[in-house]
Each structure stands twice: as structure tokens, then as C-alpha cells.
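**Student:** Quick one: the structure is below, and I'll ask about it shortly.
Please treat every number below as a calculation from the coordinates, not as lab data. From a predicted model like this one, the values you see are computed outputs, not experimental measurements. For neighbour counting, all protein chains shown are included, and Cβ atoms are generated from backbone atoms with ideal geometry for every residue, glycine included.
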Amino acid sequence: MTVPPPLIIAPSILAANFARLAEEVRAVEGAADWVHVDVMDNHFVPNLSIGLPVVQSLRAATEIPFDVHLMINDPHRWAPGYADAGAHNVTFHAEACDDPVALAKDLRAAGAKAGLAIDRDTPIEPYLDLLPSFDTLLIMTIKAGFGGQRFLPHLLDKVRAARQHVSAGHLELRIEVDGGIAADTIEQAAQAGADAFVAGTAVYGADDPAEAVRKLRSLAQRAYREN
Ligand code: DX5
Ligand code: ZN
């Protein structure tokens, strides 16, 4: 029997209190693997969130690795700055980039893992052959732009297709899901083959965010093993 890989739980600070970001991040230290940072530019998505200066300041406040999710136009211009700021993983959207492989190379050269994000209405097939250039594939399980939306289970078909491709090609790649991940949805995502889970509302909307992370992890682990 093969040992399942450790799963990643990444609370999204989009659902945290922005006036107390350092404390909110520290509240999940020791429980979460990464902190997910949603950068939105009011162009690629209608919403506007935080950018590089916040990431730089927050980077100095905690040891926990940052998983930066760029929902922005022109990622080639902006993404390497997040790698330089010490992000562990920098993910940009396929829909916003005309040469994803070149940008992945730049991110790796800048010392970060490279992630490719696929939004709700984008098929996965055209991107499968690019996956050897990436460390993370983020499959949206909502339409990117806002927290607190309802999970869309049919998008797990993309997770299944990606998992099959990754297994067949023996690729080393995380398959991350983002949007509506909570206690009642994480098991189906894990069963579909996701091994990294972003959760905003389900963690920061809970009375005890660290406990919420632990609960999500145990649900995902059991479902992933049964997979
Ligand atoms: C939305 C963001 C998500 C968001 C998830 O576009 O990419 O990371 O924070 O929030 P929940 O977990 O509340 O759906
Ligand atoms: Zn996100």
C-alpha cells in the first residue's frame, strides 16, 4: 500500500479581519500548512483586495508559507515581485497570461513555486501538457472574485481529469481547489483527487480558526485515503 502524500490546508485571509492580519495569520500557525493570499486588481476580477506592500509586511510577521493567488491582469509584470517578497508559491491565472510556461520559469528562477489557476469557465484540457512546468494547479470551484460563494461540484470533473493526467505522467504537482471548501464539501474534493485545499469562510468564519483547519484536514485525509 502506498502512503498518501500529506495534504495542504491553506486558510484564505480574504475572509480574515484586514485590520488585524498578523494576528489572524498567527491564529492558524501550527494548524495550517500555507496561508492563501488573494490578490485582486479590480480588472481581472471586479473585486479589489490587497497587493504587494501588504504581502511584504505580513511576510515579516510569520513563518508560515504564503500561497499567493493572483487574480490580476498582466501577471508577467507583477508576479515575480511576490516571489521576491518571499512567497512560497505564486499562482497566476491561465486566462490572464499568453505565455504561462515562460512566467512559470521566471517564478522558479526567482525562488518560488509556480502555480497555474483555471477559472470556472475555462476548460482544463488545453493546459494539461503545460503541467510539467508547474508545481501547483489551482482549480477554481467557484467563479474567481469573491469569498463566501457556493461550491460548484461539477467543477470537480476538472480535478479528476488533472489527477488522472498527473498520475499517468508521474508528475510532481499539487492539485489545489479554491472556493466554497468547507466541512460539507472538502471530502468530495479530496475524493476527486485534490491534495491542497483553500478555505476562507470555513476557517475565518469559525469561532476557532485553528480547530476549523484541523477538522478540515481530518475530513480530507480520510476521504483522500478512501479515494
Ligand atoms: C475567491 C478566492 C478564494 C476565496 C475563497 O476568488 O480565490 O480564495 O477566498 O473563499 P471561500 O472559502 O469563502 O469560498
Ligand atoms: Zn484564492
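**Student:** Given Cβ point charges of +1 (Lys, Arg) and -1 (Asp, Glu) and nothing else, what value in debye, to the nearest 20, does the dipole of the range 49-108 about its Cα centre take?
**Tutor:** 160 debye
**Student:** Also, I was wondering about something else. Connecting C-alpha atoms closer than 10 Å in a GNM of the chain, tell me which of F151, F134, F18 has the biggest fluctuation.
**Tutor:** Of the options given, F18 has the highest mean-square fluctuation.
**Student:** From the phi angles alone, apply the Karplus equation (6.51, -1.76, 1.60; θ = phi - 60°) to the range 24-34 and give each ³J(HN,Hα) in whole Hz, x where the residue is Gly or Pro.
**Tutor:** Working through the residues one at a time gives 5, 5, 5, 5, 10, 4, x, 10, 8, 8, 10 Hz.
**Student:** Rounded if a/c is under 1.5, else prolate if a/b is larger than b/c, else oblate: which is the chain, with a ≥ b ≥ c the root eigenvalues of its Cα gyration tensor?
**Tutor:** rounded
**Student:** Under the rule of at least 5 residues apart or a separate chain, name every residue whose amide H is placed under 5 Å from the amide H of A144.
**Tutor:** Those qualifying (amide H under 5 Å, at least 5 residues apart or on another chain) are R120.
**Student:** Which lysines have a Cα less than 17 Å from the Cα of K113, not counting those fewer than 8 places away in the same chain?
**Tutor:** Qualifying lysines at Cα under 17 Å: K105.
**Student:** Taking the Cα centre as origin and putting +1 on Lys and Arg beta-carbons and -1 on Asp and Glu beta-carbons, what dipole magnitude results for the range 97-181, to the nearest 20 debye?
**Tutor:** Value, rounded to 20: 300 debye.
**Student:** Residues of the range 27-56 with amide nitrogen under 17 Å from the 7 Å Cα-to-Cβ point of D84?
**Tutor:** Once the point is set 7 Å along Cα→Cβ of D84, 51-56 turn out to lie under 17 Å by backbone N, inside the range 27-56.
**Student:** Right, another one. Dipole of the range 132-196 (Lys/Arg Cβ +1, Asp/Glu Cβ -1, origin at the Cα centre): which of F146, L173, A190 lies farthest to the positive side?
**Tutor:** Farthest towards the positive pole: F146.
**Student:** Considering only the chain, what is the antiparallel percent among its DSSP beta bridges, to the nearest 5?
**Tutor:** Bridges in the chain that DSSP calls antiparallel: roughly 5 percent.
**Student:** OK, next. Note down the magnitude of the dipole of the chain about its Cα centre, charges +1 on Lys and Arg C-beta and -1 on Asp and Glu C-beta and zero elsewhere, to the nearest 20 debye.
**Tutor:** Value, rounded to 20: 320 debye.
**Student:** Arranged by the count of other C-beta atoms within 10 angstrom, fewest first, what order do M140, M40 take?
**Tutor:** M40, M140
**Student:** What is the distance, in nm, between label points placed 7 Å from the Cα along the Cα-to-Cβ direction at T62 and at A183?
**Tutor:** Each label point lies 7 Å from its Cα, and together they span 2.2 nm.
**Student:** What nm value, rounded to one decimal, do you get for the distance between H76 and D157 when each label is placed 7 Å out toward the C-beta?
**Tutor:** Spacing of the two 7 Å Cα→Cβ label points: 3.2 nm.
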